[in-house]
Structures are given as C-alpha cells and as structure tokens.
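Q: Quick one: structure below, then a few questions.
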C-alpha cells in the first residue's frame, strides 16, 4: 500500500498506487490480451455455423415469400456434392462459409414452396464439427424453424 500523508484536516490520506501495484495490474491485463485471440478463435466455428444456418433459414423464408407473391411454386435446390444451393426460378448458387456443411433430411435434394404457403417439407442440418443447427420446414404451413 502507498504511504500516507497528512491532509489539511489532520487525517491521513493515501497518496496513490505503488509501482509494484501498477505493474501487477499491467501484467494481468497483458495476460488477458494475450489469451483473447485464442478465445475468439475457439468461438469462431460456432458463430460461423450459426450465421450460415440463419442465412439459409432466411433464404428458405424468401423462397416461401416468392411463391406466395408470384403465385407459382419456388424451389430451393441443394447440391450436396458442391455444398451449394439455389433458389429457382433463376438465381445464382449460394455457398456456405468455408468449413460449414449442410446435410438434407428430405426425400430429394429439393424443398418446394407452393403458392398457398405450404411446402413439401424437410429438414436441413447446417454445421461445423459439433456446432450443428437444424432447420425444419413444416409441410403444411411452410414455416421455417431453427433450433438455435
């Protein structure tokens, strides 16, 4: 503890921190900053998987909205070999971030949304390692749910 000096009121007041106390605090802050990149890197796969799952869920919802608005069926076609998917009719292929993969639990590699909002249903698992998220499409309502 720092030495004390008498104040105007006669009480003793602390003069400040010692050099040793400041060095200990700086050492602790330095250790925290040194560990931060490793902690952030460890959290990245989970964040990347969640972002990919949310993006795919939004694209599924977009396809449903398109089908309702246009009065024609809209498909999402999945290419499991290349890990891409495409909204049809006619958009470019979308790819998930590097390392994030999807797996389908449907009869075919396609999820169809009909003009009444319904769908053929299905489920897609999106993930990286142990960080997997399940997207399910209800066949009756076309509602897209995620398990975040």
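Q: If I filter the range 124-135 for residues that are in contact with a helix residue (DSSP H, G or I) (Cβ under 9 Å, 6 or more places away or on another chain) and not in a strand (DSSP E or B), do I get at least one hit?
A: So far as the range 124-135 goes, yes, one or more of its residues are in contact with a helix residue (DSSP H, G or I) (Cβ under 9 Å, 6 or more places away or on another chain) and not in a strand (DSSP E or B).
Q: Mind checking whether some residue in the range 99-118 is touching a residue at least 40 places away in the same chain (Cβ under 8 Å), in a helix (DSSP H, G or I), under 16 Å from residue 145 (Cα atoms) and touching a strand residue (DSSP E or B) at 6+ places or on another chain (Cβ under 9 Å)?
A: No, that holds for no residue.
Q: Can you name every residue in the range 63-76 that is in contact (Cβ under 8 Å) with a residue 24 or more places away in the chain and farther than 19 Å from residue 100 by Cβ?
A: 63, 64, 66, 67, 68, 70, 71, 72, 73, 74, 75 - these are the residues of the range 63-76 that are in contact (Cβ under 8 Å) with a residue 24 or more places away in the chain and farther than 19 Å from residue 100 by Cβ.
Q: In the range 57-98, what residues are in a loop (DSSP other than H, G, I, E, B) and either within 15 Å of residue 133 (Cβ to Cβ) or touching a strand residue (DSSP E or B) at 6+ places or on another chain (Cβ under 9 Å) (or both)?
A: Of all residues in the range 57-98, those in a loop (DSSP other than H, G, I, E, B) come to 71-73, 80-83, 89-92, 96-98.
Across the range 57-98, the qualifying residues are 73, 80, 82, 83, 89, 92, 96, 97.
FYI, it's all coordinate maths here, none of it is from the lab. Please read all numbers here as calculations on a predicted model, not as lab measurements. Virtual Cβ from ideal backbone geometry, glycine too; neighbours counted across all protein chains shown.
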